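Everything on this sheet refers to the single structure shown next.
The values are calculated or read from the model by the stated rules, or taken from the named source; none is laboratory data. From a predicted model like this one, the values you see are computed outputs, not experimental measurements. Quick reminder, even Gly has a Cβ in these numbers, built from the backbone with ideal geometry, and neighbours come from all protein chains shown. Ligands, DNA and RNA are stripped out before the accessible areas are found, and what is left, the full protein with its side chains, is counted by its heavy atoms. Shrake-Rupley method; radii C 1.70, N 1.55, O 1.52, S 1.80 Å.
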Amino acid sequence: MNTKVLVVLSLFVAMGLALHGIIPPFFNGMKPDMMLTMMFLGILLFPHIRNVFLLGAVTGVLSGLTTSFPGGLLPNVIDKFVTAFVFYLLVIVIKKFAASTAGAGILTAVGTLISGTVFLTAALFIVGLPGGAGFTALFIAVVLPATALNTIAMVFIYPIVQTIMKRSNIVAQ
């Protein structure tokens with residue numbers, strides 16, 4: 001694995017972790033997961049299976065360790081790992097479209113919806129949903145706003161990072 005790529009991916013995960021820590025919760029102690037945006041950004045820029053595996057695993061563990069969701073470690077690990085590979089497959093299938101800012105935004109929205117669905121499903125079966133809240137209530141109150149937030153963030157961040165990558169000697173693999 002290229003050390004420069006590994007450093008960039010590590011920086012994305014660290015920025016995602018910092019964003020995950022400062023975003024306030026807005027429903028029943030749950031908050032949107034900005035680590036997803038950074039994971040998606042890493043996959044878009046370096047679409048290789050080993051990078052996807054690494055991003056999914058590390059993001060899942062760190063997100064699980066810092067979650068405010070009761071018993072959320074295992075659902076987070078499952079969610080990020082599954083979402084990383086589904087997102088990667090989407091990027092590979094529509095590679096040309098994924099390179100545009102609009103494509104990155106749409107893929108981020110789809111990826112966040114997939115992530116929220118996988119997370120809530122895993123949480124429902126493994127630990128139950130907190131406070132008697134139903135799947136639909138949590139999906140509407142947390143996943144949909146997170147989808148909007150992650151998509152807006154990607155639309156702003158992706159062109160900036162693309163410009164930086166073009167000016168640097170880090171080549172996307």
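Is there a residue being under 16 Å from THR108 (Cα atoms), crowded, with 16+ Cβ neighbours inside 10 Å and among the hydrophobic types (A, V, I, L, M, F, W, C) anywhere in the stretch 126-134? Reasoning before the result, please.
Going through the stretch 126-134, the residues under 16 Å from THR108 (Cα atoms) turn out to be none.
No, there is no match, as no residue in the stretch 126-134 is under 16 Å from THR108 (Cα atoms), crowded, with 16+ Cβ neighbours inside 10 Å and among the hydrophobic types (A, V, I, L, M, F, W, C).
The test for being within 21 Å of PRO159 (Cβ to Cβ), open to solvent by less than 10 Å² (accessible area, probe 1.4 Å), part of a helix (DSSP H, G or I) and among the β-branched types (Val, Ile, Thr) does not hold for THR59.
Contact annotation: residue pairs with Cβ atoms under 6 Å, 6 or more positions apart or on different chains, pairing a residue in the stretch 67-87 that is closer than 14 Å to THR121 by Cβ with a partner that is in a loop (DSSP other than H, G, I, E, B) and not hydrophobic (A, V, I, L, M, F, W, C), are ASN76/THR67. Just one of (1) touching a residue at least 60 places away in the same chain (Cβ under 8 Å); (2) open to solvent by less than 10 Å² (accessible area, probe 1.4 Å); (3) within 19 Å of LEU113 (Cα to Cα) fails for PHE46. It is (3). Of all residue pairs spaced 6 or more apart or on separate chains, those with beta-carbon atoms under 8 Å, a first member in the stretch 145-161 that is over 18 Å from PHE87 (Cβ atoms) and a second member that is in a helix (DSSP H, G or I) are PRO159/THR101.
Scanning for something open to solvent by 20 Å² or more (accessible area, probe 1.4 Å), in contact with a Phe, Trp or Tyr (Cβ under 7 Å, 6 or more places away or on another chain), more than 18 Å from GLY16 (Cα to Cα) and at pLDDT below 90, does the stretch 140-163 turn up at least one residue? The answer is yes; a qualifying residue exists.
Listed here are the residues, each with its yes/no results for (1) within 25 Å of VAL7 (Cβ to Cβ); (2) touching a helix residue (DSSP H, G or I) at 6+ places or on another chain (Cβ under 9 Å).
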| site | (1), (2) |
| --- | --- |
| ASN76 | yes, yes |
| GLY103 | no, yes |
| ILE126 | no, yes |
| THR151 | no, yes |
| ILE160 | yes, no |
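Within the stretch 77-101, being at pLDDT 90 or above and open to solvent by less than 10 Å² (accessible area, probe 1.4 Å) holds for ASP79, LYS80, THR83, ALA84, PHE87, VAL91. Among the conditions (1) closer than 24 Å to VAL5 by Cα; (2) open to solvent by less than 50 Å² (accessible area, probe 1.4 Å), LEU54 misses just one, which is (2).
For the stretch 10-25, does any single residue satisfy the condition of being of a type in the set (Phe, Trp, Tyr) and part of a helix (DSSP H, G or I)? Break it down stepwise before answering.
From the stretch 10-25, those of a type in the set (Phe, Trp, Tyr) are 12; that's our starting set.
Pick out the ones that are also part of a helix (DSSP H, G or I) and you get 12.
Checked the stretch 10-25: at least one residue is of a type in the set (Phe, Trp, Tyr) and part of a helix (DSSP H, G or I).
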